[in-house]
1. Under the condition of being farther than 19 Å from residue B:18 by Cβ and facing another protein chain (nearest Cβ under 8 Å), which residue from segment A:429-452 is modelled with the highest pLDDT?
2. Mind listing whichever residues of segment A:344-381 are outside any helix (DSSP H, G or I), within 15 Å of the chain's Cα centre (by Cα) and more than 12 Å from the ligand (Cβ to nearest atom)?
3. Would you mind finding the one in B:111, B:143 that is in contact (Cβ under 8 Å) with a residue 60 or more places away in the chain and within 12 Å of another protein chain (Cβ to nearest Cβ)?
4. Which condition from (1) more than 10 Å from chain B (Cβ to nearest Cβ); (2) touching a helix residue (DSSP H, G or I) at 6+ places or on another chain (Cβ under 7 Å); (3) at pLDDT below 95 is the one that residue A:355 breaks?
5. When you look at residue A:127, is it part of a helix (DSSP H, G or I) and touching a residue at least 60 places away in the same chain (Cβ under 8 Å), yes or no?
6. Could we say that residue A:325 is within 13 Å of the ligand (Cβ to nearest atom), surrounded by 21 or more Cβ atoms within 10 Å (Cβ to Cβ) and either within 16 Å of residue A:259 (Cα to Cα) or over 16 Å from the mean Cα position of the chain (by Cα) (or both) here?
7. Give the residues of segment A:382-402 that are assigned to a loop (DSSP other than H, G, I, E, B) and within 8 Å of chain B (Cβ to nearest Cβ), sorted by residue number.
8. Within segment A:453-467, take every residue that is in contact with a strand residue (DSSP E or B) (Cβ under 9 Å, 6 or more places away or on another chain) and touching a residue at least 24 places away in the same chain (Cβ under 8 Å) and give me the one that is farthest from the other protein chains (Cβ to nearest Cβ).
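The values are calculated or read from the model by the stated rules, or taken from the named source; none is laboratory data. Quantities reported herein were computed from a predicted structural model and do not represent experimental measurements. Ideal geometry is used to build each Cβ from the backbone, glycine not excepted, and the neighbour counts take in all protein chains shown.
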Ligand code: SF4
């Protein structure tokens, strides 16, 4: 008999890893249109967020409350999840537990098949993207239609999302018009032939296309922004109202939710309903907040509680605060790395600073070893995060867990050795003066050997000084100190 | 006051001018500066690259070297940030060392903090007749929260024409080994920072972190812009034209 002692990590079917970050980033950086789209979009939303956060006098206290509520939830997660299950069941819903992506997909597919439907409408949901639900449904002959406008653009464009909140942030209006004209007719109501790229025209085409989907659908699949343990209430927060259409119209509603989305009581929601919209869209309040507790009459409700690596994150005392994340995407919008590379470079459906933390945590750091380095540790993400996740410190913590390349380890060790005593350090400095002979130009170094050649691809280095500080000090101040 | 200078490995190896300027400035203000010869490095590069085990002896060395002094000053926001935010945490396996590290960290200051908060001066009697823009650097801003202290010091410098840097609080893209491991992203961030510097039409871009200056200066030099990068200490030590 084998005894399983570890915690399950996200399984390979999850959309949590891709190509190594530096390579994927290089391709993104070369795409100037992408960089312009991203730069404009993040700058706009950054300014909006700063303005509405600035008008809340007790933002710091709210932020501390958000962090504290989430920490309390995480500390009592098993008991609160059971409470949630009891409350949902008492109100006519059915709760399912999924260890990983494969299990969650199997549960949802079986639920849809039991209704006899071969189409579902979807509310924008990170959890279902994480597990690759659309692909799993497709393999079972079930078509899943995204109804969030940006998700629709991504889906019709045969693309993947590049931002948590604005999945089509990398597309501009002209590109969207082209996608609508080309694709809408193939899967439903076509876009009008005279479609322009004005935002109202594009929104109108999407509205007509989606209306038909809503009216036809018998099954809807959603995620959840929050779940209240004490009452079994699920909540979706959105801007367009499409989610509400999905939640109310179809006869069967299936919600897939990461187990960390919990808050203990109804009262705790108040804090997050202030933190989330201001941090994410830069609005004082989001236009639509839908809440439902269990099943309503005439409707069947299923809740799938997803682990997929989350308990493994919880088991790491130095990393567990990442589970406070409410997916507001504020950290993406302030991140200078994200702004240049976009979301696809991260290879995971969780991009940006929080993705660089969460993805390796969920898959295990060795599966995602370049992501913890996809940050200059500038700290802008920590300042922006409404639940005060110290992302830079977590990245540093993860860097100590990933496997290191042998050459790098050798360099790091020998530098540490040289710095281990002032005598050895003085020798190293003397040797570095030999660098004065390397590829010089205008009194500066322009070519360094690998692995430092990355530096001189775009930057010169001053020549090592002819007189070291120590020598200067001895000359001017004498030996004793 | 008797002040211990923590030079930092980078200043020691590449840009000793920032260290010399710090000494000259503090001496001119009437203080005694000592240079504890046992010092090497704060260990930040090792911690931040994922080698806390290799950093630990460096942290011990830092603590032992600087423990005897009432104040330690370093011309580097990021090294002071590491001393304050990483040393005790990395040493947490050795509670005695961690406690000593925390005590030394509380007496370790970045130059502008030390001048304004500890010595209580903003006019250091400098003179520097040039058009200067200031890059605040991420670790000074967000780890140390130095705020506008460097700007208050610069505003008192005779002849200095201080011009605001657009997007000043954005990272320049250095990030230690980030500049090498993610060279393309780092370069893209640098390009935008350089554009901002050039837009100011300043002759000099100043900062109080030699690492960021090395990166920005290296890029400006490669593009032959003629704009110089200068450490805050060098400006504050300057008596040019007076
Ligand atoms: S880490 Fe913080 S800022 Fe980033 S998405 Fe999560 S809650 Fe928002």
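1. The residue in question is A:446.
2. Passing the criteria: A:347, A:348, A:349, A:374, A:375.
3. Being in contact (Cβ under 8 Å) with a residue 60 or more places away in the chain and within 12 Å of another protein chain (Cβ to nearest Cβ) holds for just one of B:111, B:143, which is B:143.
4. With respect to (1) more than 10 Å from chain B (Cβ to nearest Cβ); (2) touching a helix residue (DSSP H, G or I) at 6+ places or on another chain (Cβ under 7 Å); (3) at pLDDT below 95, residue A:355 is out only on (3).
5. Considered against the rule, which asks whether it is part of a helix (DSSP H, G or I) and touching a residue at least 60 places away in the same chain (Cβ under 8 Å), residue A:127 comes out as yes.
6. Taking the combined requirement at face value, the residue satisfies it.
7. Correct list: A:400, A:401, A:402.
8. Looking at residues that are in contact with a strand residue (DSSP E or B) (Cβ under 9 Å, 6 or more places away or on another chain) and touching a residue at least 24 places away in the same chain (Cβ under 8 Å), I get A:463.
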